[in-house]
């Protein structure tokens, strides 16, 4: 059940085979239905979420009542509101399952014990956050550099399966434009 | 000379006083003149930079030849192109001193040895990247949620000293608008 997480950890750090059982005890598997919320605005983000199967998204609700998606997490990605998670203060975000998901959670209260006991896991999470840091640097670059149409085309080239898999209104929200504008671009590409 | 970095590390992790001399041996202090580049496009980002005094910025040059700032680092912040740094492949970015700076560098080649020898430093960098991860989540939220004027007003409220200190054309570039538009907003606030 924890195979995906175990394989992922093994890509970044070395942990003795005999230690894995103990490492994995700190994690919990949960099954989440489509559109189920793992976090809602005003609540504390108590866990860090690893997507073993499915897709999560993080969004906020703006003044007009519109859900604005800021991040997706597919298989092998971690997601949390790290401000709320690290401070254990209420969040301004929602985390929701885009599809039926299998999620592996690491609770804030247990994380500290895990990291104390297995310092390799500090390295693992350092590398995870460093990779996210790189990804955000590029995301800001693209947001500033590309027109909305280029943004969509670049995204489609980089993540073709993702673009097929995700509902178009969520993809539009993530890229910062309306679903109508997105179908306009898509029609242009097809014609 | 390393006091700022030592104080910063001590805010996040515990290192025995007797170990500090050895930890700090992995770092180098450099003095950088205003507008000097620490990284240029096409080169490998060989170091991670801690701002002990002054201010750095990371930017790219777009198709129109315009410098687009994507990140600033003031005192006590780390900055690198983490894609280039972690892969040791050529960068698409520039890192430049906004002011005369004192920078503490950690070379990629030495980092691994430091982290092996002092696993607390894995924790330190995990927390640094986790904090950056939080900051980027909020930055994306603000970029999507706020009008350009609100973005400037919010930024001025949150970082008043920074807004005073940074040349206005750089601030405009960071916020994604023209210097002319920035002075328009500023004049509106004053009148």
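We did not get these values from a lab; they are worked out from the coordinates using the rules stated. Because the structure is a prediction, the values reported are computed rather than measured. Glycine gets a Cβ as well: all are built from the backbone with ideal geometry, and neighbour counts include every protein chain shown.
One Cα centroid belongs to segment B:120-172, the other to segment A:1-77; the line between them spans 25 Å.
Measuring r between the beta carbons of residue B:180 and residue B:21 and using R0 = 56 Å, the FRET efficiency lands at 0.60.
Panel values: segment A:10-115, Kirkwood radius from alpha carbon pairs, Stokes-Einstein at 10 °C and 1.306 mPa s, translational diffusion coefficient 109 µm²/s. Take residue A:167, push a point 7 Å out from Cα through the beta-carbon direction, and compare it with the same point in every other copy: 4.8 nm, smallest first. Each residue in A:67, B:17 was given a count of other beta-carbon atoms within 10 angstrom of its own, and listing them fewest first yields B:17, A:67. Ranking of A:154, B:16 by neighbouring Cβ atoms within 10 Å, starting from the fewest: B:16, A:154. Summary for residue A:28: label point 7 Å along Cα→Cβ; distances to the equivalent points in the other copies, ascending, 4.9 nm.
Using Cα pairs under 8 angstrom and six or more residues apart, how large is the relative contact order of segment A:22-130, in percent?
Once normalised by length, the contact order is 40 percent.
With a simple spin-label model that places each label point 7 Å from the Cα along the Cα-to-Cβ direction, the separation between residue B:169 and residue A:61 comes to 4.5 nm.
Placing a label point 7 Å from the Cα of residue B:180 along the Cα-to-Cβ direction, the distances to the matching points in the other copies come to 3.0 nm, shortest first.
So if R0 is 35 Å, what FRET efficiency would residue A:102 and residue B:43 give, r being the distance between their Cβ atoms, rounded to the nearest 0.05? With a Förster radius of 35 Å, E is 0.25.
The alpha carbon radius of gyration of chain B, expressed as a multiple of 2.2 N^0.38 Å, is 1.10.
Across A:48, A:153, A:76, mean-square fluctuation computed from a Gaussian network of chain A (C-alpha pairs under 10 Å connected) peaks at A:153. Taking only the C-alpha atoms of segment A:126-171, Rg followed by Dmax gives 12.2, 34 Å. Taking each residue as 0.36 nm, the span from residue B:7 to residue B:156 lengthens on full extension beyond its C-alpha to C-alpha distance by 50.9 nm. With coordinates expressed along the principal axes, the C-alpha atoms belonging to the protein assembly as shown extend over 58, 55, 38 Å, beginning with the largest.
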